[in-house]
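What follows is a single structure, written as structure tokens, with notes after it.
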Amino acid sequence: MRKIFVISGTRDKLSSVAEKLQSGRTVIEKAETIPDITSEEQQGIDTVVVDLNTLLGKSGSLDLALDELCDKFPSASIVVLAGSDQSDKAVEAVKAGAFDYLTHPVGKKELELVIEKVHQADIRHSELDYLRDQFWGDEYKDVVNTKSRTMQEVLRKVRQVADTGTTVLLSGETGTGKSLIARLIHAHSGRRRKTFINVHCGAIPDSLVESELFGHEKGSFTGAIKRKIGKFELADSGTIFLDEIGTISSAVQIKLLNVLQERQVQRIGGESAIPLNVRVIAATNEDLSEMCASGKFRQDLFYRLNVFPIVLPPLRDRREDILHLSKVFISRISTDLNKIIESIAPDVLDAFLEYSWPGNVRELENVIERACILETGPQLTRTSFPVEFFQDSPVRHHSYTDQPLGEARQIAIDSFELDYLTRLLTSTGGRISRAAEKAGVTTRQLNKLMNKHGLSKKAFKSRQEL
């Protein structure tokens, strides 16, 4: 049964809407401005119908009021009830996050139509969530659980290209997860049950690259004491991943181009060509187009590889994922080390969010692994991390005596406020209304302080889970 919450400070509006919704539904009425609600009342609410005047209350800010309402009803869609002269404000509310709006007095059919739209939207979201889970599978759920829009776009492209035979070129800085994305593409392709061959081109000596990739016949060169099957042959019917493709020599580039064009390979010293059915995924941390312009990489090979390009963002451009990734690494590494580590100290999380992460996700994983080894308690503290993480941390050490009294006092106040807000928002999981209540200030005052110190509630949303 659908459960609808109706909020209005005007009793006539409250009764009118509630009466029209009674059929086959549970309707809860509240004549308050963003009311307190029990956990029993909150359970199962899918729609909140709120009078615009009641929503605005004393603050007059739609953004703040909708944030507070969303905090209280995180799973519900919000429908705003506006007066006939308030259509501009109602549209503004929809832009700020409300599902839809109605003008008062509202007809029964019009109200039913909007409530049905909410219901259908809920069904679509549930189906999409189910299909996403079904597509990725349990093994890759930690990888695809991202809040970054850029990374979501990467995963959208992965889904589009995975079940084709198209050549893919992955580019991005070292440590961004190109190898993992290559495996993700293979795992969700029609070749998933076939071989996945990973070749790190930059780790193979130049003199051996051609032999490693294409194989050789016995006696074809000094030291070739027996026939060697190349990586391309081993990957037949499956996928070959060529990491750091920009490091291969001109001679190997020519032969690789021929393999991609002809779909066949010839071993060094061999007389016959061997047909291949191989999906090629290449990766680079360099700009291949610039390398082409400077003559270091063949342009025709670049075109063969760059059929479906995917660019992976650096970790500094997807900071909203740092907390989730940290949680995943802590869980896995502490289990491997047979330790019980449950969380990271708030000041470490702050340092993580400020650090530039030149080594990207790989650096984050390595830093957490080191900390897990060093840590003796259930929480990772700053003593287990390299000191450079905290050199640019929010709480800086100042020589107060070098400053005039007024400036020194302001530095101390700013430092205290930032530390207080960080701890407060961490303890409330980024819930603004709860944090404001604990601090004894209004949500407007709290948001003003957060803006002053560059804090966003989104950065604290998952900290309670960590």
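The values are calculated or read from the model by the stated rules, or taken from the named source; none is laboratory data. On a predicted model such as this, the values are computed, not experimentally measured, just so you know. Cβ coordinates were reconstructed from backbone atoms using ideal geometry, including for glycine residues, and neighbour counts include every protein chain displayed.
Which condition breaks for Phe99 when tested against (1) over 25 Å from Val441 (Cβ atoms); (2) surrounded by fewer than 17 Cβ atoms within 10 Å (Cβ to Cβ)?
That leaves (2) as the condition not met.
Identify, please: which residue in segment 346-358 is part of a loop (DSSP other than H, G, I, E, B) and crowded, with 17+ Cβ neighbours inside 10 Å and is, among those, nearest to the chain's Cα centre (by Cα)?
Trp357
For segment 359-377, which residues satisfy the criterion of being in a loop (DSSP other than H, G, I, E, B) and either over 16 Å from Phe329 (Cβ atoms) or touching a strand residue (DSSP E or B) at 6+ places or on another chain (Cβ under 7 Å) (or both)?
Passing the criteria: Thr376, Gly377.
Scan segment 76-92 and give yes if some residue there is surrounded by fewer than 18 Cβ atoms within 10 Å (Cβ to Cβ), in the same structural domain as Val27 (by TED's automatic domain parsing), farther than 19 Å from Glu437 by Cβ and modelled with pLDDT under 80, otherwise no.
Looking for residues that are surrounded by fewer than 18 Cβ atoms within 10 Å (Cβ to Cβ), in the same structural domain as Val27 (by TED's automatic domain parsing), farther than 19 Å from Glu437 by Cβ and modelled with pLDDT under 80, one finds none in segment 76-92, hence no.
Output the residues belonging to segment 208-250 that are acidic (Asp, Glu) and either touching a helix residue (DSSP H, G or I) at 6+ places or on another chain (Cβ under 7 Å) or in a helix (DSSP H, G or I) (or both).
Step one: list which residues in segment 208-250 are acidic (Asp, Glu), which gives 210, 212, 217, 233, 236, 243-244.
Result: Glu210, Glu212, Glu233, Asp243, Glu244.
Give the number of residues within segment 321-345 that are surrounded by fewer than 18 Cβ atoms within 10 Å (Cβ to Cβ), part of a helix (DSSP H, G or I) and among the acidic types (Asp, Glu).
Residues meeting the conditions: 1.
I'd like the full set of residues that are under 21 Å from Ala251 (Cα atoms), in contact with a Ser or Thr (Cβ under 7 Å, 6 or more places away or on another chain) and of a type in the set (D, E, K, R), limited to segment 194-240.
Asp206, Lys228
Considering only residues that are part of a loop (DSSP other than H, G, I, E, B), in contact with a Ser or Thr (Cβ under 6 Å, 6 or more places away or on another chain) and farther than 25 Å from Thr164 by Cα, which ones fall in segment 251-306?
Once the filter is applied, which keeps residues that are part of a loop (DSSP other than H, G, I, E, B), in contact with a Ser or Thr (Cβ under 6 Å, 6 or more places away or on another chain) and farther than 25 Å from Thr164 by Cα, segment 251-306 yields only Gly269.
So which of Glu320, Glu262, Glu271, Glu290 ends up being of a type outside the set (Gly, Ala, Ser) and under 18 Å from Val168 (Cα atoms)?
Every option except Glu262 fails the conditions.
Would it be correct to say that Arg132 is over 22 Å from Val199 (Cβ atoms) and modelled with pLDDT of 85 or more?
On the way: over 22 Å from Val199 (Cβ atoms): yes; modelled with pLDDT of 85 or more: no.
Against the criterion (over 22 Å from Val199 (Cβ atoms) and modelled with pLDDT of 85 or more), Arg132 does not qualify.
Given the criteria without any contact (Cβ under 8 Å) to a residue 12 or more places away in the chain, within 25 Å of Thr150 (Cβ to Cβ) and not assigned by TED's automatic domain parsing to the domain that holds His188, does Ser331 qualify?
Criteria met by Ser331.
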